[in-house]
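These notes are about the structure you will find just below.
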Amino acid sequence: MGANLLNNYGEAVAMVLFAIGFGNLMLQSNLIKKIIGLNIMDTAVYLFLALKGYISGRAAPIVVNGVQSAEAYINPVPSGLVLTGIVVSVSVSALMLSLTIRLYQRYHTLDLDEISLQLKKEGL
Amino acid sequence: MSGQMGLEFVQNFPCFSIMFCMFAGIVSSAFKEKIARVLNVVVLTVNIILSASVFLFTIRTGEAYVYVMGRFPAPWGNELRIGVLEAGLALFFCVIMLLCLLGGRHKLVQEVEEGKQGLYYVLTDLMLSSLLALIYTNDLFTAYVFVEINTISACGLIMIRQNGRTIEAAVRYMIMSLLGSGLFLVGICMLYDLTGHLLMSNIQVEIARIVAEGAYRPPLLVTIAIISVGLAIKSALFPFHAWLPDAYGYSTVSSAAVLSSLVSKGYIFLLFKIIYRVIGFDVFHDSKIVNMLFIFGLMGMVFGSLSAIKENDVRRMIAFSSVAQIGYIYMGVGMGTQAGMVASVFHVLSHAATKSLLFIAAIGLTDVSGGSRKFIELTGSGYRNKCAGVAFSVGSLSMVGVPMFSGFISKLLFAQAAVQNEGKMLPTLIVLGISTILNAIYFMKTVIRIYTPVDDVEYPTVSWGENKIYAAVLLCFVVLNVFLGICSQPIVDLIESGLGMFA
C-alpha cells in the first residue's frame, strides 16, 4: 500500500489537488474563489490524465526521423482528452465569470450568501 | 461493424438529427428572432419525424445497431448506438420540448428582453442536440462533452429572464452542476485508466474481465461511486437539490418545463446507460452503491414532498414536487432489479409528461391572478381560466396517482417491483404510501384552492379559446397523460425490450 503510494505519487497529488478544488468550489462563499477552485479541480484531472498517458522513456507522438513504430511513443489519447477538457473548462469558466460580473453589478458584492440575503430582503 | 455497406438510409437519422439541431442553433444566432423561432419549430418537427422513423425501424428489426461515426472501426472511432429505448426516448423528448416551447411562447415575449428572444431559440436548439447526443452516444468522453453543453445551455435558459433571482439561481445551478460534472469526469478518467477504452461496449467487456479476475476491486468501487454521485448531483437527487426551486421557480415558464422534464432526465438516462452498458447491471448491483441511491431516493420522496407542503408559492411547490419525483426514479434504480428499472424508465416518461403540464397550466392560473403566485391570490382562478384549471387538475391527479392517468401506472410498477424484492419491500411500500399521501395533501390543496369560488373578482377572465396555441398544448399534454395511463402495457413491453437491447 505504502509502496504503491510512493510509486504513484503523481496520481496521489492529482487527487489531493482535485479534492482541494472540489472543496473550494463547494464551500467558499466568494464567487471568484469558487471559480479558482473550479480551475484547480479541472487542472487536477488533466494532471491525472497526462500521467496516465505517459510511458517513461518514450517520446511525444509526433513522427520525426521517420520512426513509425508505436513502441517509440506515449499514448496520445489522454493528451487529446486533456485538450478537449481544457476547451470545456475555459468555456465554463468564462460563463461563470460573466455571471459573477452580472451579480456584482447588481449587488456590489462577490459573497454568494450575502447576495442571497439581499434577495430575501427584496422579497422578489 | 467495420464498414457501413449494408446500412439502410433510416439508420443515419440519429446522426442527422444531432447535427441538424446543432447547426440550426449556430445558424439561428445570425438570424432575426422571427426566423430563429420558425427554424426552431421546423427543427423540432423534423426531429420528431426522424426519431419516429428510427423508432419504427428499431421496433421492426427488434435489435439495437451501432452507427460508426467517420468510419473509424471500433476501439478508435466514435460511435452512436441505437435501440428501441434510445429512439423512443428521443422521440418523446422532442415532442415534450415542442409542446413546452409552444405552451410558454406568450410568456417568453413578455418576460425576455426585446432582442434577446432569438438567443432563447439558439439555446433550445443546442439543448436538444446535447440531449439527443446523450441519448444516442456510445462513447463516454463524448457523453461528458455533451453533459457540459447541456449544462451551459440549461444555465442560459434559466438566466435569459433577467432579474436578480434568476442570475443567482443560475450561479447556484452552475456550481452544483460543475461539482457533478467534475466528479463524472474523474470517474471517466479512472474507467479509462482501468480499462484502456472509452467506448461503452469495450469498457463493459474489460470490466467483466477485471471483475472475473478479482483485480482492482477498490478502484472499481470508487469509480462506480464517483460516477453515480456525479450524475445524481446533476439530476438533483435529494441532498443536492438546493438550486432547484429557485431555478425552476423564477425562470420563464418554458425553461422551467424543459428543465424539470428533460434536462434532469437526460442525466438519469445517461446513468441508466452507464449502469447497463458500461459497468454491467450485475457488477453495479454487487457494488452496494444501489443501496445508497435507494436510501437517498426514499429520503427525497419524503423531504421533497414535505418542502412542497410548506411552500407558499405555486411554482416553487411544483419544483419541490420534482425533487420527490426524482427520488422515485432513484428508488427504482436502487431496488437493483429489472422490474425496478422498468418502473424508473416509465416514471421518467410519466414525470416528464406531467410536470411540464403542471408548469404550463400553472402559468395560466397565475396570469389570471394578477401575476401573483401566492396561494391566497390563486383562489378561484380555476373559474377565471377554465382551460388551465382543468389541465392543472389533471396534472395533479396524475401526480397523486389516480387511475387512468400516467402517475398511477408508475406507482403501480414501483409497488410491483417492490413486492418482488424481499429485502427492500417494506421500506419501499411504506415510503411510497407516505409520499402518495403527502402528494395528495399539497396537490389537492391547490386544486381545492383554485376551485374555491370568490365573490369580488377583480381579475380578468379568460375564455376557453382565447389563446388557441396554449389551449391546444394543454390538450396535447392531457391526452399524452391519459395515453400513458391507459395504454401502459405496450409501453412497458417496449421499455423491457429496450432494456434487453442494452445488454
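The values are calculated or read from the model by the stated rules, or taken from the named source; none is laboratory data. Please read these numbers as outputs of a predicted model, since none were measured by experiment. Note: ideal-geometry Cβ built from the backbone for every residue, glycine included; neighbour counts use all protein chains shown.
Remark: pairs (first residue in region B:194-217, under 19 Å from B:L80 (Cα atoms) and of a type in the set (G, A, S); second residue at pLDDT 90 or above and not in a helix (DSSP H, G or I); Cβ separation under 7 Å; 6+ apart in sequence or on different chains) = B:S201/B:N138.
Might you let me know whether region B:99-119 holds any residue that is more than 14 Å from every other protein chain (Cβ to nearest Cβ), closer than 30 Å to B:M200 by Cα and among the hydrophobic types (A, V, I, L, M, F, W, C)? So far as region B:99-119 goes, no, none of its residues is more than 14 Å from every other protein chain (Cβ to nearest Cβ), closer than 30 Å to B:M200 by Cα and among the hydrophobic types (A, V, I, L, M, F, W, C).
Taken over region B:156-175, the criterion of being surrounded by fewer than 22 Cβ atoms within 10 Å (Cβ to Cβ), touching a residue at least 60 places away in the same chain (Cβ under 8 Å) and over 19 Å from B:S235 (Cα atoms) is satisfied by B:N163, B:R165. Of all residues in region A:59-86, those satisfying the criterion of being of a type in the set (A, V, I, L, M, F, W, C) and at the interface with chain B (Cβ under 9 Å from one of its Cβ atoms) are A:V77, A:L81.
Results for (1) at positive phi; (2) of a type outside the set (S, T, N, Q); (3) touching a Ser or Thr at 6+ places or on another chain (Cβ under 7 Å), shown as yes or no for each residue.
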| position | (1), (2), (3) |
| --- | --- |
| B:E114 | no, yes, no |
| B:Y121 | no, yes, yes |
| B:D125 | no, yes, yes |
| B:L131 | no, yes, no |
| B:I135 | no, yes, no |
| B:T142 | no, no, no |
| B:T151 | no, no, yes |
| B:A154 | no, yes, no |
| B:A170 | no, yes, no |
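Note on region B:362-413: enclosed helices (runs of 4 or more DSSP H) holding 3 or more residues that are surrounded by 21 or more Cβ atoms within 10 Å (Cβ to Cβ), modelled with pLDDT of 90 or more and of a type in the set (A, V, I, L, M) are B:386-400.
With the condition kept exactly as written, say whether any residue in region B:441-454 is among the basic types (K, R) and within 24 Å of B:A353 (Cα to Cα). Yes, there is a match, as at least one residue in region B:441-454 is among the basic types (K, R) and within 24 Å of B:A353 (Cα to Cα). Set side by side, the residues B:S254, B:S287, B:S261 differ, and just one is polar (S, T, N, Q) and surrounded by fewer than 24 Cβ atoms within 10 Å (Cβ to Cβ), which is B:S287.
The listed residues are B:L178, B:L221, and the only one of them that is surrounded by fewer than 24 Cβ atoms within 10 Å (Cβ to Cβ) and either away from chain A (no Cβ under 14 Å) or not β-branched (V, I, T) (or both) turns out to be B:L221. Being more than 22 Å from the chain's Cα centre (by Cα), within 11 Å of another protein chain (Cβ to nearest Cβ) and touching a residue at least 60 places away in the same chain (Cβ under 8 Å): is that true of A:L119 here? No.
Residues that are more than 10 Å from every other protein chain (Cβ to nearest Cβ) and either at pLDDT 90 or above or over 21 Å from A:T43 (Cα atoms) (or both) are absent from region B:162-172 altogether.
Candidates are the residues of region A:87-106 that are at the interface with another protein chain (Cβ under 7 Å from one of its Cβ atoms) and farther than 20 Å from B:T142 by Cα; the one that is surrounded by the most Cβ atoms within 10 Å (Cβ to Cβ) is A:M96. Being assigned to a helix (DSSP H, G or I), free of Cβ contacts under 8 Å to residues at least 40 places away in the same chain and either among the acidic types (D, E) or within 28 Å of B:L378 (Cα to Cα) (or both) is a condition met by at least one residue of region B:310-332. Condition test on A:I40, is it more than 25 Å from B:T195 (Cα to Cα), at the interface with another protein chain (Cβ under 10 Å from one of its Cβ atoms) and β-branched (V, I, T)? Taking the combined requirement at face value, the residue does not satisfy it. Quick check on region B:122-141. Is at least one of its residues more than 14 Å from every other protein chain (Cβ to nearest Cβ) and aromatic (F, W, Y)? Checked against the condition, which is being more than 14 Å from every other protein chain (Cβ to nearest Cβ) and aromatic (F, W, Y), region B:122-141 yields at least one hit. The residues in region A:21-40 that are under 16 Å from the mean Cα position of the chain (by Cα) and without any contact (Cβ under 8 Å) to a residue 24 or more places away in the chain can be counted, and the count is 10.
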